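What follows is a single structure, written as structure tokens, with notes after it.
The values are calculated or read from the model by the stated rules, or taken from the named source; none is laboratory data. The model shown is predicted, which means the values in this text are computed figures rather than measured ones. In this analysis, Cβ positions are derived from the backbone assuming ideal geometry, glycine residues included, and neighbour counts consider all displayed protein chains. In case anyone asks, the SASA skips ligands and DNA or RNA and just uses the protein heavy atoms, side chains included. Shrake-Rupley method; radii C 1.70, N 1.55, O 1.52, S 1.80 Å.
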Amino acid sequence: MFFISIVFIILVFGELRTKAISINIYEDIISSKSFLGFGKKRQFDFKYFDGYKTSILIGSGFYEYLYLMHKDKKVIKISQFYHRNYSELKQIIATKTKNLGDEPFSLLDEFLEVFF
């Protein structure tokens, strides 16, 4: 039971830490906050990103993730699950940076990103 509790805490912490919950887009700037919007605000110029990738998560439905990439690292993760206006966010991001294609969803990669 202790092990399951630790894994649960790590996964929840990782989920809250690595997913952008609050997103604001200005002219050429995107800002994000994690931890249910209470995390540190990070701002980036869209020129910082190499582009974006999308991935489909299959669970109790189909949810798309959008990853803003810099040097093959996922800097900002935006989820259709967390954002009601996901389509609008994706449309704006698509006009500001290039589409790098689709990436197969990997639970192992998501788990490893919690720690690295």
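Tabulated results
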item	result
Scan of segment 74-96 for residues that are open to solvent by 20 Å² or more (accessible area, probe 1.4 Å) and of a type in the set (S, T, N, Q), ordered by number	Gln80, Asn85, Ser87, Gln91, Thr95
Extreme residue, farthest from Lys40 (Cα to Cα), among residues of segment 63-116 that are among the aliphatic types (A, V, I, L, M) and touching a residue at least 40 places away in the same chain (Cβ under 8 Å)	Leu100
Filter result for the condition that a residue is on the phi < 0 side of the Ramachandran plot and touching a strand residue (DSSP E or B) at 6+ places or on another chain (Cβ under 6 Å), over Lys96, Lys74	Lys74
Residues located in segment 40-50, provided they are hydrophobic (A, V, I, L, M, F, W, C) and in a strand (DSSP E or B)	Phe44
Selection within segment 1-21 - open to solvent by less than 70 Å² (accessible area, probe 1.4 Å) and either at pLDDT 85 or above or within 19 Å of Glu113 (Cβ to Cβ) (or both)	Ile6, Val7, Ile10, Val12, Gly14, Glu15, Leu16, Thr18, Lys19, Ala20, Ile21
Scope segment 84-114; condition part of a loop (DSSP other than H, G, I, E, B) and either within 12 Å of the chain's Cα centre (by Cα) or of a type in the set (Asp, Glu) (or both); matching residues	Glu103
Residue tally, condition open to solvent by less than 10 Å² (accessible area, probe 1.4 Å) and outside any strand (DSSP E or B), over segment 51-73	0
Some residue of segment 74-83 being modelled with pLDDT of 80 or more, more than 19 Å from Asp28 (Cα to Cα), in a strand (DSSP E or B) and among the hydroxyl-bearing types (Ser, Thr, Tyr)	yes
